[in-house]
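In what follows, a structure is listed as structure tokens, so that the remarks can point back to it.
Read-outs throughout are calculated quantities, based only on the coordinates presented, and are distinct from any laboratory measurement. Remember, predicted model here, so these are calculated numbers, not experimental data. Don't worry about glycine lacking a Cβ; one is built from the backbone with ideal geometry, like all the others, and counts go over all protein chains shown.
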Amino acid sequence: MTPLHVGTRRCLRGGSMFFFFAVVALPMLLLAGAVAIDIGRLIVAHRQLETSLSAATLAGAWTFDQSGAANRGLDTADALANAYATYCQSVADVMTAATPAEGVSPGSAAACADPNVARPGGIRGDSLGADISISNTAVDGQQQVVADGAARVNDLILLGFARALLSGGGDTSITIRAQSVAYTCNADTTSDQQDGHCSRPLPVDVGDPA
Amino acid sequence: MTLPHPTAQPGTARTVNRMRPLAHDSRHRRVRRGAEFLEAALIFPFMLFFLIATVDVASALLQYSALQDVAYAAARSAAAAGGADVSGSNLTETVLRNDVSHTPGLANKTVAAGESSSASTVGYIIKSGAVCSDSGANNHVTLTLSTKATTITPYLGSVLSLISGNGDSGSGDEWTINATAIARCEVIRQ
């Protein structure tokens with residue numbers, strides 16, 4: 001027995017077409033749309049987080065290289081500070097799809113002034129966090145600047161509802177994580193860049209600095 | 001073998017031969033086939049809609065991802081050169097033209113300064129670091145790229161504008177994509 005008798009004259013007369021659209025087609029359309037928006041937001045937020053972390057690690061690697069071969073492996077404080085500053089700036093300007101649950105707004109310059117935005121220790125629960133480190137184990141004279149970052153994507157629709165259901169609370173956010181690694185150049189910076197061993201690009205020749 | 005017809009009234013002599021197809025069964029099968037065809041016809045537009053919408057969303061996200069990559073690559077090149085617009089050369093536009101022409105999803109677009117005005121252009125705005133300086137906002141190159149993604153699915157542009165959350169506009173079958181990237185200046189010119 002076909003419960004709805006879809007396609008029969010009786011069905012068409014009985015308003016089952018309306019029932020079909022109201023109960024099957026329209027909700028299916030809305031659910032698919034909600035999932036598409038959620039997944040899209042997660043993808044966009046993840047790309048933005050990756051970009052921010054890449055900027056941070058490369059800034060760290062560059063600062064580390066600037067310290068010179070004599071200080072290699074010793075002067076990491078400046079590199080870390082620069083990496084965090086860059087991450088912070090990137091959070092303020094780039095991260096738009098992930099919003100902290102409370103506190104700073106990543107879309108404003110205040111995010112960069114807030115010391116809680118990016119500090120060692122990973123996500124802070126209410127903001128965008130990054131744990132950036134410089135490894136002490138050099139490989140072929142290069143050292144790694146590693147950044148682990150996390151961001152929270154709030155107010156997801158269907159995935160948020162599923163998350164809230166699974167966690168047993170009202171939390172409709174999902175935390176995403178990403179990592180970036182940049183390599184410092186070794187002592188022979190010029191040849192290293194030309195060989196493409198470190199993360200810094202070859203300088204573009206546009207004339208001498210003023 | 002003969003069996004009493006299920007609808008036969010008690011006491012009547014009506015019997016049916018189960019080995020022989022009945023006109024009633026044949027008609028029922030035809031009605032069922034018709035119903036299945038109609039169901040398929042009803043579902044088909046929705047399936048087609050989902051399929052096209054999925055392709056549209058994937059295409060738009062590919063463009064977003066490609067734009068983010070290109071923005072970051074251009075910002076890095078500018079940072080390594082000491083600024084996005086130095087020594088009178090339009091470095092950013094040159095780098096962008098090269099990168100865009102080799103990037104899947106953007107390869108057929110042209111590069112122009114300012115906001116993107118159509119789906120065939122990638123617009124760029126240098127927000128900071130036109131010439132790198134040691135301090136202040138110009139110690140980073142900040143570059144924002146924009147382009148428009150057209151969709152086949154009606155109204156999908158408006159839905160996609162909800163995704164990035166940075167005020168991207170969308171209307172009807174068009175979504176304006178913005179991608180921003182930052183790179184720390186590596187050559188100081190001021």
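Assorted remarks:
- Calculated from backbone phi, Karplus (6.51, -1.76, 1.60) coupling profile of the stretch B:65-82 in Hz, x at Gly/Pro: 4, 5, 5, 5, 4, 5, 4, 5, 4, 5, 4, 5, 4, 5, 5, 6, 9, x
- Peptide A:42-49 - average C-beta neighbours from other chains (10 Å radius): 5
- Taking other Cβ atoms within 10 Å as a rough exposure proxy, B:I163, B:I152, A:I176, A:I157 sort from fewest to most as B:I152, A:I157, A:I176, B:I163.
- Protection proxy ranking of B:138-150, B:33-45, B:101-113, by the mean of other Cβ atoms within 10 Å over each peptide's residues and highest first, is B:138-150, B:101-113, B:33-45.
- Between B:A107 and B:D134, residue separation times 0.36 nm minus the direct Cα-Cα distance comes to 6.2 nm.
- Separation of the B:D25 and A:L166 label points, Cα + 7 Å toward Cβ, nm: 5.0
- Mean Cα-pair separation over length for the stretch B:50-164, i.e. relative contact order, pairs under 8 Å, 6 or more apart, %: 26
- Stretched out straight at 0.36 nm per residue, the stretch from B:I152 to B:K127 would grow longer than its current Cα-Cα span by 5.7 nm.
- Other protein chain C-beta atoms within 10 Å of residue C-beta, averaged over B:36-49: 3.
- Here the Karplus curve 6.51 cos²θ - 1.76 cosθ + 1.60, taken at θ = phi - 60°, turns the phi angles of the stretch B:42-49 into couplings of 6, 6, 3, x, 5, 4, 5, 4 Hz, with x standing for Gly and Pro.
- Taking amide H atoms as placed 1.01 Å from N in the peptide plane, the amide H of B:A130 lies under 5 Å from those of B:A84, each 5 or more residues away in sequence or on another chain.
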